[in-house]
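Visitor: Below are the structure tokens for one structure; questions will follow.
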Amino acid sequence: MNFNLDKDLIVFDIESTGADVVKDRIMQIALIKYPADGGEPIEKNLLINPQYPIKPDALAVHGITVEMVRNKPTFAETAEELLAFIGDADLGGYNLKRFDIPMLTEEFGRAGYDFSMTNRKVIDAMQVFYKMEPRTLKAALKFYCNKELIAAHDAMADTKATAEVIWGQIQTYQDKDHIDADGNVTPTPVKNDMQSIHDFTNDPSSVDFMGRFKKNKVGNIIFNFGSNKGEEAHKHPQTLKWIISKDFPMQVKNIAKAILAGELK
């Protein structure tokens with residue numbers, strides 16, 4: 001794979017104790033760094049002691065038991081190493097905007113670190129796939145690469161598969177325009193250019209990965225849930241304070257704090 005990069009790209013995948021990005025914990029994180037200078041990819045694969053109960057549904061998916069992680073480091077003990085490895089790289093993955101990035105942000109927050117998404121491009125293979133060929137990771141690997149996914153739901157196996165899918169998508173769609181339901185044409189959005197893929201798969205009105213906030217037509221931040229849905233957030237300080245006090249994702253709380261402080265509107 002020869003990605004056209006202006007900065008490092010890290011493709012990663014997480015296995016966890018469950019699907020709640022606020023309450024559940026990471027048990028395995030696998031990352032592959034593709035250097036912008038064209039150097040060889042660098043792999044990092046960590047098992048982590050979550051110090052939190054594993055939900056049966058999650059265990060049935062990834063098969064990582066308490067015994068397998070009992071003597072492994074906690075996330076707090078690996079946080080500095082992970083931050084150094086990730087650096088300012090762009091991020092790629094499968095469904096990472098809804099799950100992996102919010103969960104990673106929560107874990108870093110609990111460990112006392114701010115994991116900033118500022119100036120990072122996000123390459124979500126699932127978003128490209130759902131827009132172009134709605135299917136699963138296993139089907140994506142078969143469709144784009146004509147390969148079978150072995151050891152599905154092992155983080156490193158899924159990470160390698162996702163990187164191959166991203167490359168396969170670039171090869172498949174580099175000469176293809178996208179036409180949406182309203183007939184609007186986006187010329188060749190999926191090509192060997194991370195900015196182009198990022199722009200294609202990201203909603204410009206989105207403010208946070210969980211979709212709690214959005215921007216209205218004039219660019220002000222509005223609530224996207226609850227009784228104040230559609231209303232400008234800065235006009236409802238009590239709701240913002242309530243969000244900060246409850247079990248919302250770290251990113252959502254930080255946005256609420258910034259609005260209250262007048263840093264965002």
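Since every read-out is calculated from the coordinates, none of them should be taken as a lab result. This is a predicted model, so every value here is computed, not measured. Cβ atoms come from the backbone with ideal geometry, glycine included; neighbour counts cover every protein chain shown.
Visitor: Leaving out same-chain residues fewer than 8 places away, which lysines sit with a Cα under 18 Å from that of LYS121?
Guide: LYS7, LYS33, LYS97, LYS191
Visitor: Could you pull out every one of the aspartates and glutamates with an alpha carbon less than 15 Å from that of LYS176, ignoring same-chain neighbours closer than 8 positions?
Guide: Answer for LYS176, where 15 Å is the Cα cut-off: GLU133, ASP193, listed by chain and number.
Visitor: Further question on the same structure: Simple spin-label model, 7 Å along Cα-to-Cβ: ASN216 to LYS142 in nm?
Guide: 4.7
Visitor: Please identify the longest segment of the chain free of exposed GluC sites (Glu not before Pro), where exposed means a DSSP state other than H, G, I, E or B and no more than 13 other Cβ atoms within 10 Å. Provide the component values of the computation, followed by the final result.
Guide: Working: sites that count: GLU148, GLU263.
Result, exposed sites excluded: 1-147.
Visitor: For TRP242 and GLU67, compute 0.36 nm times the residue count separating them, minus their Cα-Cα distance, and round to one decimal in nm. If you can, show how the numbers build up before the last one.
Guide: Values: separation 175, 0.36 × 175 = 63.00 nm, distance 3.88 nm.
59.1 nm is the gain from fully extending TRP242 to GLU67.
Visitor: With each pseudo-label sitting 7 Å past Cα toward Cβ, what's the ALA258-ALA151 distance in nm, one decimal?
Guide: 3.8
Visitor: Could you list the residues of segment 217-243 with an amide nitrogen less than 15 Å from a label point located 7 Å from the Cα of ASP182 in the Cα-to-C-beta direction?
Guide: Once the point is set 7 Å along Cα→Cβ of ASP182, 217-218 turn out to lie under 15 Å by backbone N, inside segment 217-243.
Visitor: Could you give the length gained by full extension between VAL22 and TYR52, i.e. 0.36 nm per residue of separation minus their alpha carbon distance, to one decimal place?
Guide: Stretched fully, the VAL22-TYR52 segment lengthens by 9.6 nm.
Visitor: Still on this structure: Roughly how many debye, to the nearest 20, is the charge dipole of segment 9-201 about its Cα centre, given +1 on each Lys and Arg Cβ, -1 on each Asp and Glu Cβ, and no other charges?
Guide: It works out to roughly 360 debye.
Visitor: Got a sec? Charge dipole of the chain, +1 on Cβ for Lys and Arg, -1 for Asp and Glu; which of LEU5, MET210, GLY92 is way out at the positive end?
Guide: MET210
Visitor: Pop a pseudo-label 7 angstrom from the Cα along the beta-carbon direction at both GLU43 and MET117 and give the gap in nm to one decimal.
Guide: Distance between the two pseudo-spin positions: 2.8 nm.
Visitor: Based solely on its DSSP helices, what 222 nm [θ] is calculated for the chain when runs of n ≥ 4 H residues each add -39,500 (n - 2.57) and the sum is averaged over all residues, nearest 500 deg cm²/dmol?
Guide: -10500 deg cm²/dmol
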